[in-house]
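The values are calculated or read from the model by the stated rules, or taken from the named source; none is laboratory data. As the structure is a prediction and not an experimental result, all values here were calculated from the model. Using ideal geometry, Cβ is built from the backbone for each residue, glycine included, and neighbour counts are taken over all protein chains shown. Just the protein is used for accessible areas: all its heavy atoms, side chains included, with ligands, DNA and RNA removed. Shrake-Rupley method; radii C 1.70, N 1.55, O 1.52, S 1.80 Å.
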2 protein chains.
Amino acid sequence: MHEPVFILKGNIIYSKNITEFEVCEHGYLVCRDGKVEGVYQTLPFRLGGNPVRDFGDCLIIPGLVDLHVHAPQYSYRGLGMDMELLDWLEVNTFPEEAKFEELDYAEKAYRIFADSMRKSATTRACIFATVHRPATILLMDLMEETGLDTFVGKVNMDRNCPEYIQEETQESADETVEWIKDVLHKKYANTRPILTPRFIPSCTDDLMEELKKIQIRYSLPLQSHLSENPSEIEWVKELCPWSEFYGDAYDRFGLFGADCPTVMAHCVYSDDREIARMKENGVFIAHCPESNMNVSSGIAPVRRFLEEGMHVGIGSDVAGGSTENLFRAMAHAVQSSKLRWRLQDNTLEALKAEEVFYMATKGGGEFFGQVGSFEPGYEFDAVVLDDSRLRHPQPLDLKSRLERMIYLADERDIRAKFVKGQEVRL
Amino acid sequence: MHEPVFILKGNIIYSKNITEFEVCEHGYLVCRDGKVEGVYQTLPFRLGGNPVRDFGDCLIIPGLVDLHVHAPQYSYRGLGMDMELLDWLEVNTFPEEAKFEELDYAEKAYRIFADSMRKSATTRACIFATVHRPATILLMDLMEETGLDTFVGKVNMDRNCPEYIQEETQESADETVEWIKDVLHKKYANTRPILTPRFIPSCTDDLMEELKKIQIRYSLPLQSHLSENPSEIEWVKELCPWSEFYGDAYDRFGLFGADCPTVMAHCVYSDDREIARMKENGVFIAHCPESNMNVSSGIAPVRRFLEEGMHVGIGSDVAGGSTENLFRAMAHAVQSSKLRWRLQDNTLEALKAEEVFYMATKGGGEFFGQVGSFEPGYEFDAVVLDDSRLRHPQPLDLKSRLERMIYLADERDIRAKFVKGQEVRL
């Protein structure tokens, strides 16, 4: 649909705040110039002449936001799940990511990834590529074709990884600048570069300084990993003895949200000081519950983050996570929060459906601007869900139908998807 | 297929023991009179004249065994996931189960359950119904139609539940006998009764004595719940001050595996004495990892059970679990074992794909006899999986393809299913 104004009719559910769903049964969701004009129980008379798509008894929710996903790892989702983080990187990740030097392989792999993202309920994502500039540009071309709105990062790594995938410091900086120039030149509508130092163990101080210069020059956001696993955290202490805590090792270079939007994945072991610094700097947290289980990391104190009023979204973290399906990630977030309450700290209550839904929409959406809600002025990202596959004998209210989808929905249940008012071809 | 001998061709994977997969690439799985005759890389000359169904590059695995599932709870799978066990029973379970007094409602609900079980990779199940005799028989009729091989139990409850669903002690015993007579009279091929006292808090000592008499008279197996949640365990101590531990409260009545096969769901908090008694009595454990997360119970020490050589299978425990999909249950078992290792007890190593697959096939299958493997003489339960939906750019060996399915497979991927040599209509 390219009409400046169009209307979706259905059961509209979204979050304004973290504690409750906003519900409009058989209501009208109005898009004007790519933004939400409003949600109406009765269509205002003045809008009467505009096209209405009636989705009957379907649910209409904001598009989901994946704050952390590794595109090249999609090929081995669900595989090699018997290692902790650092071994897992060595055995699974680096050998697979090395293959993306070959553009033919990259195209085959990235096309599968892009197709799956297109068919999912995800409308926005922060994506890691590999160190390879040409393959990263190819991925951005493919993501642009999907119609999703994404940040994509060429990864930087100049230490502590196998030679076959390690960059020289200056090479890493130069390639990053070249990559940025290339993709700015392409004038994508929906695809933007994001600085992507893999994590502190992979990046020398010199490289971090170079990246800061690049960030200032191009005003780019940044994504990385933080406090995921105890061995990793110990390693960062050794590598950066001058750092007060893991996050401080980014902050010393000005790469921890002070100047530009920054999203850090995991934060399983963030201590008081790290949490305070993240708050101060407005760092976004990408909570990746399935990955934190699969790589035996632990469970992030998400309730604490929410109580502190921090920015928290959800990440699939494929292939630490096995699936791009963010409904599953929401369920994992609730489930692991319950185990954390039971086994680790019963002062932090388990997460509720309303809270994980907020995180997967408006919470993560804020990284992209006014995204993830149907409040007026928000960008028009919407997913139409047909839950009739999940049969039930009793009547269910709309909130229950949405809660059920968190546990059970997959791409089969998506009838339509819109990003910034443009329909995505499913 | 009703031929006495037929052959499936494909990539055959199954477990003989718990540590490794048996693999036969592009091999032949031979069924004779409902049992496995053998797995062959090359078809023996003497079998040459028999029909072969070639499933190309599909995987062929033993049917999955669900050792614990509540049929009436299927209607609210994925709902009301914000309570611990005892509140959850009060708020969600009992009101829904009460509806099964109405046969019309029961038929609507149980038909949905039976259809889903039929389409899943499950070939065997131990199923809880409700207290209602007519609805339980209806469920058994429907399960018989599916072609799956199941134990189904009319639930017994004569205390500590709302009046609208509570039985009188003698009534409960009498109805159980009537139910057994009714269903034995029906001469089902694949559907058998199993004694089902809900759990100790729901059953008076008098009722347990009656059930023991019934068990002796009809030689019936038994299913129930054990040591799921700390509050429940405390309650059992109060209710049965004479018991040494929770399991002992069953054993005092002879209802803990000493005479008849017995399966106990959960065993999250089984202590040394309980574990020793279960071993002694050969009690089967139905490990229900998703339910143990969703109802905030905790994580069962499955590694310990395996080291002790106990009988351990997997249960979906719908609706504590949200899905009948046992692939998902296997993934949850691996995932929660990792969190247990990280947060609770690092002396118990996390579970591996081989181990959870064993549990979901041969481990639970033993409750049904020689079931859950493709070793000669085993009953011919097989599932043909087409994993081509899950695209990948690199070559994958068969074990990797199976590991991937544990995380990602659902009913879409099932091409064919056989129970005791009979094909199930999907």
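Consider the stretch A:205-261. How many of its residues are charged (D, E, K, R), over 20 Å from A:GLY153 (Cα atoms) and assigned to a helix (DSSP H, G or I)?
Of the residues in that region, 5 qualify.
Restricting attention to the stretch B:99-117, which residues are open to solvent by less than 20 Å² (accessible area, probe 1.4 Å) and either over 23 Å from B:GLY364 (Cβ atoms) or away from chain A (no Cβ under 11 Å) (or both)?
Initially, the stretch B:99-117 is screened for residues open to solvent by less than 20 Å² (accessible area, probe 1.4 Å), giving B:100, B:106, B:109-110, B:112-114, B:117.
Matches in the stretch B:99-117: B:PHE100, B:ALA106, B:ALA109, B:ILE112, B:ALA114, B:MET117.
Out of the stretch B:246-283, which residues are open to solvent by 10 Å² or more (accessible area, probe 1.4 Å), touching a Pro at 6+ places or on another chain (Cβ under 7 Å) and either under 25 Å from B:GLN370 (Cα atoms) or not assigned by TED's automatic domain parsing to the domain that holds B:HIS225 (or both)?
Listed by number, the residues that qualify are B:CYS260, B:PRO261.
Kindly establish whether B:ALA258 is at negative phi, modelled with pLDDT under 95 and not acidic (Asp, Glu). Before you say what the answer is, go through the steps one by one.
Numbers: at negative phi: yes; modelled with pLDDT under 95: yes; not acidic (Asp, Glu): yes.
For B:ALA258, the condition - at negative phi, modelled with pLDDT under 95 and not acidic (Asp, Glu) - is met.
Among (1) surrounded by 22 or more Cβ atoms within 10 Å (Cβ to Cβ); (2) of a type outside the set (Gly, Ala, Ser); (3) at the interface with chain B (Cβ under 10 Å from one of its Cβ atoms), there is one condition A:THR93 misses while meeting the rest; what is its number?
Checking A:THR93 against (1) surrounded by 22 or more Cβ atoms within 10 Å (Cβ to Cβ); (2) of a type outside the set (Gly, Ala, Ser); (3) at the interface with chain B (Cβ under 10 Å from one of its Cβ atoms), the one that fails is (3).
Only one residue in B:GLU349, B:GLU355, B:GLU403 is touching a residue at least 60 places away in the same chain (Cβ under 8 Å), out of contact with any strand residue (DSSP E or B) (no Cβ under 6 Å at 6 or more places or on another chain) and either assigned by TED's automatic domain parsing to the domain that holds B:ARG192 or not aromatic (Phe, Trp, Tyr) (or both). Which one?
Working: B:GLU349 fails: touching a residue at least 60 places away in the same chain (Cβ under 8 Å); B:GLU403 fails: touching a residue at least 60 places away in the same chain (Cβ under 8 Å).
Only one candidate passes the filter, namely B:GLU355.
Could you list, in sequence order, the residues of the stretch B:339-362 that are farther than 11 Å from B:ILE314 by Cβ and acidic (Asp, Glu)?
Taking the stretch B:339-362 as the starting set, the residues that turn out to be farther than 11 Å from B:ILE314 by Cβ are B:339-350, B:352-354, B:362.
Scanning the stretch B:339-362 gives B:ASP345, B:GLU349, B:GLU354.
Pairs, please: C-beta under 6 Å, at least 6 apart or cross-chain, first residue outside any helix (DSSP H, G or I) and of a type outside the set (Ser, Thr, Tyr) and in the stretch B:332-346, second modelled with pLDDT of 95 or more and open to solvent by 30 Å² or more (accessible area, probe 1.4 Å)?
So the pair list comes out as B:GLN344/A:LEU343.
Could you list all residues from the stretch B:287-320 that are among the acidic types (Asp, Glu) and either away from chain A (no Cβ under 13 Å) or part of a loop (DSSP other than H, G, I, E, B) (or both)?
Initial filter on the stretch B:287-320 (among the acidic types (Asp, Glu)): B:290, B:307-308, B:317.
Scanning the stretch B:287-320 gives B:GLU307, B:GLU308, B:ASP317.
Okay, residues lined up against (1) buried (at least 16 other Cβ atoms within 10 Å of the Cβ); (2) closer than 30 Å to B:SER400 by Cβ:
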position: A:VAL39; (1), (2): yes, no
position: A:ASP57; (1), (2): no, no
position: A:LEU67; (1), (2): yes, yes
position: A:HIS70; (1), (2): yes, yes
position: A:SER75; (1), (2): yes, yes
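Condition first: under 18 Å from A:ASN229 (Cα atoms) and either free of Cβ contacts under 8 Å to residues at least 40 places away in the same chain or more than 9 Å from chain B (Cβ to nearest Cβ) (or both). Now tell me which residues in the stretch A:71-83 satisfy that.
A:GLY80, A:ASP82, A:MET83
Consider the stretch B:377-403. How many of its residues are within 22 Å of the chain's Cα centre (by Cα) and within 14 Å of chain A (Cβ to nearest Cβ)?
3
For the stretch B:321-372, enumerate the residues that are under 17 Å from A:GLY80 (Cβ atoms), more than 9 Å from chain A (Cβ to nearest Cβ) and basic (Lys, Arg).
none
Residues that are assigned to a helix (DSSP H, G or I) and away from every other protein chain (no Cβ under 12 Å): does the stretch A:118-129 have at least one? Give the derivation first.
Going through the stretch A:118-129, the residues assigned to a helix (DSSP H, G or I) turn out to be A:118-119.
Still in the list and also away from every other protein chain (no Cβ under 12 Å): A:118.
For the stretch A:118-129, residues assigned to a helix (DSSP H, G or I) and away from every other protein chain (no Cβ under 12 Å): present.
Which residues, taken from the stretch B:183-199, are part of a loop (DSSP other than H, G, I, E, B) and under 17 Å from B:ASP149 (Cα atoms)?
Pass one, the stretch B:183-199, residues part of a loop (DSSP other than H, G, I, E, B): B:187-190, B:194, B:198-199.
Answer for the stretch B:183-199, where residues must be part of a loop (DSSP other than H, G, I, E, B) and under 17 Å from B:ASP149 (Cα atoms): B:LYS187, B:TYR188, B:ALA189, B:ASN190, B:ILE194.
State all residues of the stretch B:408-420 that are open to solvent by less than 10 Å² (accessible area, probe 1.4 Å) and in contact with a Lys or Arg (Cβ under 7 Å, 6 or more places away or on another chain); if no residue qualifies, say none. Let's see the steps before the verdict.
In the first step, residues of the stretch B:408-420 are kept if they are open to solvent by less than 10 Å² (accessible area, probe 1.4 Å); the result is B:409, B:413, B:416-419.
Scanning the stretch B:408-420 gives a single hit, B:ASP413.
Here are the criteria: (1) within 17 Å of A:MET310 (Cα to Cα); (2) assigned to a loop (DSSP other than H, G, I, E, B). Tell me which single one A:ALA265 does not satisfy.
The failed condition is (2).
Condition first: open to solvent by less than 10 Å² (accessible area, probe 1.4 Å), over 23 Å from A:PHE368 (Cβ atoms) and either modelled with pLDDT under 95 or within 14 Å of chain B (Cβ to nearest Cβ) (or both). Can you find one or more residues in the stretch A:136-159 that meet it?
Checked against the condition, which is being open to solvent by less than 10 Å² (accessible area, probe 1.4 Å), over 23 Å from A:PHE368 (Cβ atoms) and either modelled with pLDDT under 95 or within 14 Å of chain B (Cβ to nearest Cβ) (or both), the stretch A:136-159 yields no hits at all.
If a residue has to be over 19 Å from the mean Cα position of the chain (by Cα), of a type outside the set (A, V, I, L, M) and farther than 28 Å from B:GLY421 by Cβ to count, how many in the stretch B:183-233 make the cut?
So the count comes out to 16.
Among the residues of the stretch B:203-219, is any within 14 Å of another protein chain (Cβ to nearest Cβ) and touching a residue at least 12 places away in the same chain (Cβ under 8 Å)? Please lay out each step first, then the result.
Narrowing the stretch B:203-219 to residues within 14 Å of another protein chain (Cβ to nearest Cβ): none.
Among the residues of the stretch B:203-219, not one is within 14 Å of another protein chain (Cβ to nearest Cβ) and touching a residue at least 12 places away in the same chain (Cβ under 8 Å), which makes the answer no.
Being crowded, with 24+ Cβ neighbours inside 10 Å and either more than 13 Å from the chain's Cα centre (by Cα) or in contact (Cβ under 8 Å) with a residue 60 or more places away in the chain (or both) is the filter here; which residues of the stretch A:301-322 pass it?
Selection gives A:VAL302, A:GLY313, A:ILE314, A:GLY315, A:SER316, A:ASP317, A:VAL318, A:ALA319, A:GLY320, A:GLY321, A:SER322.
So which strands (runs of 3 or more DSSP E) are wholly in the stretch A:2-67 and hold at least 2 residues that are among the acidic types (Asp, Glu)? Break it down stepwise before answering.
Working: elements: A:5-15, A:21-32, A:35-40, A:52-62.
Once the strands (runs of 3 or more DSSP E) in the stretch A:2-67 are filtered for at least 2 residues that are among the acidic types (Asp, Glu), what remains is A:21-32, A:52-62.
All but one of (1) modelled with pLDDT of 95 or more; (2) open to solvent by 10 Å² or more (accessible area, probe 1.4 Å) hold for B:GLY48, so report the exception by its number.
If we test B:GLY48 against (1) modelled with pLDDT of 95 or more; (2) open to solvent by 10 Å² or more (accessible area, probe 1.4 Å), just (1) comes out false.
Of the conditions (1) touching a helix residue (DSSP H, G or I) at 6+ places or on another chain (Cβ under 6 Å); (2) open to solvent by 10 Å² or more (accessible area, probe 1.4 Å); (3) more than 14 Å from chain A (Cβ to nearest Cβ), B:ILE13 clears all except one; give me its number.
(2)
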